[in-house]
Amino acid sequence: MKSSFISIRNLPSCKNFARNKSKFVLIVIFASALLMFGITSYYFLLLFSPNLSSLPSAEELVKDLIFTKGVSAQNDPIVVNYLINHHLISPNFGTDYNLTNILNPQQLDINVQSALRHVFGGRIPENGFFVECGANDGEFLSNTIQLEMELGWTGLLIEGSPSLVKSLTNTNRKAWVADVCLSGEKPIQVDFLRHANTFPPWSGGAGKIKERKTTTQTGNGIEKATPTNSYGTDLFTSEGVVECFPLYAILSAINVSRVDLLSLDVEGHEYQILKAVPFHSVDIKVIFVEYFLAPEGEQGIKTLLAENGFKLWAKTGSDMVFVNKQTDYVSP
Ligand SMILES: *[C@@H]1O[C@H](CO)[C@@H](O)[C@H](O)[C@H]1NC(C)=O
Ligand SMILES: *[C@@H]1O[C@H](CO)[C@@H](O)[C@H](O)[C@H]1NC(C)=O
């Protein structure tokens with residue numbers, strides 16, 4: 001339909017008002033309709049337009065990719081950058097230690113000492129690299145502080161409990177700190193539970209994690225390895241959501257491919273964590289692992305590590321020490 005009445009040329013003037021009365025009425029109706037349309041559209045847009053502030057931020061998209069959609073490799077650059085930007089604190093070389101017992105650091109387990117001497121030809125070398133998970137407060141029952149203070153080692157301290165990480169960073173350890181927990185092959189988010197008792201002293205450091213269930217996390221994640229320990233769940237208090245990553249992702253983020261001592265004490269998830277380690281890409285010499293809470297048991301861990309070139313060096317009621325067969329020192 002040709003709408004000639006909207007053209008400027010045909011607008012009515014006061015002089016010919018009577019003659020163009022019907023045209024004028026049409027214009028008024030049209031203008032009112034236009035106004036109504038405008039007002040309606042305005043409120044419609046207000047009601048149904050996408051709310052800009054509720055659009056996901058770049059940060060949320062990255063998290064969605066890492067924890068829900070999934071990335072292609074453990075050391076995917078997206079994960080590595082995320083770790084660098086959110087979870088890694090560099091070694092505190094410039095500041096003095098802030099320790100409760102600076103004169104007598106916790107002694108390294110005697111079996112680990114002998115394993116290190118074995119692997120390195122009779123004496124524990126200086127300037128080695130350790131990884132300790134969970135690192136607790138960095139001092140109490142630490143498996144690495146003596147190496148750091150007496151032999152100049154550095155390393156990576158991994159602790160998932162937010163409250164313990166605070167104490168850990170207060171110590172000014174000369175090692176990287178990662179405020180995360182370790183996962184299997186895929187990064188996951190968990191509820192971090194910490195033992196509510198403070199006695200016996202070690203129980204204060206006993207944490208455990210509970211998988212946050214989402215429909216996509218059905219792979220080899222940690223949720224299948226729920227620890228079956230003797231503490232009642234009611235004795236645990238939640239410390240909130242903690243993010244877990246494969247060990248290899250964290251090592252990639254700090255460019256480390258050689259680990260002289262890996263100490264793993266994570267209340268039941270040891271097997272899943274070790275299973276995800278690409279041993280052909282990381283050269284690990286000695287592994288100190290707590291096995292008694294792992295559902296896969298002593299035999300499961302032994303078999304897994306044997307398949308990856310490790311032999312059992314020593315065993316106690318709760319821990320095993322493995323040495324990498326390829327680095328065995330052959331005495332003359
Ligand atoms: C040393 O550590 C304690 C315990 O974590 C903390 O309260 C204190 O603020 C720390 N001191 C310094 C100088 O960082
Ligand atoms: C790791 O290596 C990359 C590439 O060489 C470098 O840009 C980055 O700073 C290194 N990161 C650390 C923690 O040394």
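Checking the stated criteria, V241 turns out to be more than 16 Å from ligand 1 (Cβ to nearest atom), of a type in the set (V, I, T) and surrounded by fewer than 18 Cβ atoms within 10 Å (Cβ to Cβ).
Kindly check whether there is at least one residue in the stretch 279-292 that is in the same structural domain as S142 (by TED's automatic domain parsing) and in a helix (DSSP H, G or I).
Taking every residue of the stretch 279-292 in turn, none turns out to be in the same structural domain as S142 (by TED's automatic domain parsing) and in a helix (DSSP H, G or I).
Listed by position, the helices (runs of 4 or more DSSP H) contained in the stretch 55-156 that have at least 1 residues being surrounded by 12 or more Cβ atoms within 10 Å (Cβ to Cβ) and within 16 Å of ligand 2 (Cβ to nearest atom) are 77-86.
Of the residues making up the stretch 79-100, none is among the hydrophobic types (A, V, I, L, M, F, W, C), away from ligand 1 (no atom under 16 Å from the Cβ) and more than 27 Å from the chain's Cα centre (by Cα). Within the stretch 252-278, if we keep just the residues that are assigned to a helix (DSSP H, G or I) and more than 16 Å from ligand 2 (Cβ to nearest atom), the residue that is surrounded by the fewest Cβ atoms within 10 Å (Cβ to Cβ) turns out to be K275. Scanning the stretch 162-187 for residues that are within 15 Å of ligand 1 (Cβ to nearest atom), outside any helix (DSSP H, G or I) and polar (S, T, N, Q) yields a total of 2.
For the stretch 147-159, the tally of residues that are under 27 Å from Y271 (Cβ atoms) and at pLDDT 95 or above stands at 6. Search the stretch 187-199 for residues that are closer than 24 Å to V79 by Cα and pair each with any residue that is among the aromatic types (F, W, Y) and modelled with pLDDT of 70 or more when their beta-carbon atoms are under 8 Å apart and the residues are at least 6 apart or on different chains. From residues that are closer than 24 Å to V79 by Cα, the pairs are P187/F67; P187/F245; I188/F67; Q189/F67.
The values are calculated or read from the model by the stated rules, or taken from the named source; none is laboratory data. From a predicted model like this one, the values you see are computed outputs, not experimental measurements. Every residue, glycine as well, gets a Cβ built from its backbone with ideal geometry; the counts of neighbours run over all protein chains shown.
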